[in-house]
Amino acid sequence: MRLMDASSHFRGKRITLMGLGLLGRGIGDARYLAECGAELTVTDLKTKEELADSLKELEAFPNIHYTLGGHNVEDFQNKDLIVKAASVPLKSPFIAEAKKNGIPVRMSADLFAEYAGVSVVGVTGTRGKTTTAFMIVEIMKAAGMKVLLGGNVRGISTLALLNDVHGDEVAVLELDSWQLQGFGEAHLSPSIAVFTTFFSDHLNYYKDDLAAYLTDKANIFFYQQEGDTLVLGSQCAPIIIEKFGEAIESDIVIADDTKLPADWKLSIPGIHNRYNAGLALATARTLDISDEVSKKALESFAGVAGRLEFVREINGVKFYNDTTATTPEATLAALRAVGTANHPNIVLIMGGADKGLGMDGLLHELSTYVKHMFFISGTGTDRIRAKLPAVEIYSSLEKAVAIAQATASSGDVVLFSPAFSSFGMFKNEYDRGDQFTKIVTNLV
């Protein structure tokens, strides 16, 4: 039996859910709010046709009304609550309208953190946050703890996790900068915060203001109190301590791959994954979990879909799906993980939509690991095209994979690690990865 009935916070309330989307999180939020008895309006820029699959999941709820293909200002007036999708800018004129009318604007992750009444481990960072969060969950499960996983996780509605709260769980939330905007608005931080890395990212969203991106990320620890814990990866620790050190009240633990015992053998490749494991181990120690339990869990951890995911091997050629590599640093980490320095063995497929990130570091190291490469089309591909004029561009991922397979020899790796966002050819990065995996699965 749950310690509290969280649905009482939403029952009978007039609520607008801004952003339904296609990833499943918005569907779960809408379903939960409807089941709670809210008078719910769902609004999205996407059309009814574009959202057909999501809408089908919600057909059973007569208390949901829709405004699709755009937003109406009336949906942000005379409401009790606005629940916005993470990627909706706080500077949206519709959010401004809600605030002008004194209506609270929240997100599902911070609503969960406020109403669940359980301890929260929050994980953020430009790179590594998903893998680190999943590693922490596996360690906690191995220790016999009851764990709820949510936040920026495909298909999981964090709000709907309130149904699973009984009072003795610990929630692990992977939190992106947008979700942490919501924590900042609510003046909340997890009691254990993990900050993996900090690189330039989402500069298209933040209008080239890297400080604003960091400030949103900092909400993961900004409202921590004495007795809370902040686990910092060594890559980002100097940046965070220099900018926020005097304001941090929690206990700081700095960790990286050097904290992971050298004889611990991970199942997933790459020094970056040992770095992630070092942060997971530090978090486990904060939770008083023995290293023996952590070692067993980390060594058996098989990784996360779409993150340097081994798909299959064909005639001695290994295929990896790294669709979530949307930054040059992520693709470079993948090259170092599965490549052989100065003996190029990688056939690389990359390219996609531009986020305005510097690509020179990645481009400089391509020849160290890559024997052949192919582009998929996109605005980011167009930006770097002049630096690699001989590389073919394909508007079909299936065609690019077929050419990559034909080019590769036994002992090579075909690596799909785009270094750019997925907009244009795909619905999102998960759709991009799903398509790659399906194509590779069907290869002969």
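The values are calculated or read from the model by the stated rules, or taken from the named source; none is laboratory data. Quick caveat, the model's predicted, so the values are computed rather than measured. A quick note on method: Cβ atoms are made from the backbone with ideal geometry, for glycine too, and the neighbour counts reach across all protein chains shown. Please note that ligands, DNA and RNA were not included when accessible areas were found on the heavy atoms of the full protein model with its side chains. Shrake-Rupley method; radii C 1.70, N 1.55, O 1.52, S 1.80 Å.
Values for this structure:
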{"read-out": "Some residue of region 56-66 being part of a strand (DSSP E or B), in contact (Cβ under 8 Å) with a residue 12 or more places away in the chain and touching a Gly at 6+ places or on another chain (Cβ under 8 Å)", "value": "no"}
{"read-out": "Qualifying helices (runs of 4 or more DSSP H) (wholly inside region 157-275; at least 1 residues being among the basic types (Lys, Arg))", "value": "210-222, 237-244"}
{"read-out": "Within region 125-165, considering residues that are more than 20 Å from Asn276 (Cβ to Cβ) and polar (S, T, N, Q), the one surrounded by the fewest Cβ atoms within 10 Å (Cβ to Cβ)", "value": "Asn163"}
{"read-out": "Given (1) open to solvent by 10 Å² or more (accessible area, probe 1.4 Å); (2) touching a residue at least 24 places away in the same chain (Cβ under 8 Å); (3) not aromatic (Phe, Trp, Tyr), number of the condition Asp360 does not satisfy", "value": "(2)"}
{"read-out": "Positions within region 177-199 being closer than 14 Å to Thr126 by Cα and either open to solvent by less than 30 Å² (accessible area, probe 1.4 Å) or over 15 Å from the mean Cα position of the chain (by Cα) (or both), in sequence order", "value": "Ser177, Gln179, Leu180, Val194, Phe195, Thr196, Thr197, Phe198"}
{"read-out": "Close pairs (6 angstrom Cβ cut-off, 6 or more residues apart or separate chains): closer than 16 Å to Thr124 by Cβ in region 233-258, open to solvent by less than 20 Å² (accessible area, probe 1.4 Å) and assigned to a loop (DSSP other than H, G, I, E, B) anywhere", "value": "Gly233/Thr196; Gly233/Thr197; Gln235/Thr197; Cys236/Thr197; Cys236/Phe198; Ile239/Phe198; Ser250/Gln224"}
{"read-out": "Criterion: small (Gly, Ala, Ser) and more than 21 Å from Val338 (Cα to Cα) - qualifying residue of Ser409, Ser421", "value": "Ser421"}
{"read-out": "Sole residue being outside any strand (DSSP E or B), at pLDDT 95 or above and loosely packed, with under 14 Cβ neighbours inside 10 Å, chosen from Ala406, Ala419, Ala337, Ala400", "value": "Ala406"}
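Let's see how each residue does on (1) touching a residue at least 40 places away in the same chain (Cβ under 8 Å); (2) farther than 18 Å from Val317 by Cα; (3) surrounded by 15 or more Cβ atoms within 10 Å (Cβ to Cβ):
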{"site": "Thr381", "(1), (2), (3)": "no, yes, yes"}
{"site": "Pro389", "(1), (2), (3)": "no, yes, no"}
{"site": "Lys427", "(1), (2), (3)": "yes, yes, yes"}
{"site": "Tyr430", "(1), (2), (3)": "yes, yes, yes"}
{"site": "Asn442", "(1), (2), (3)": "no, no, no"}
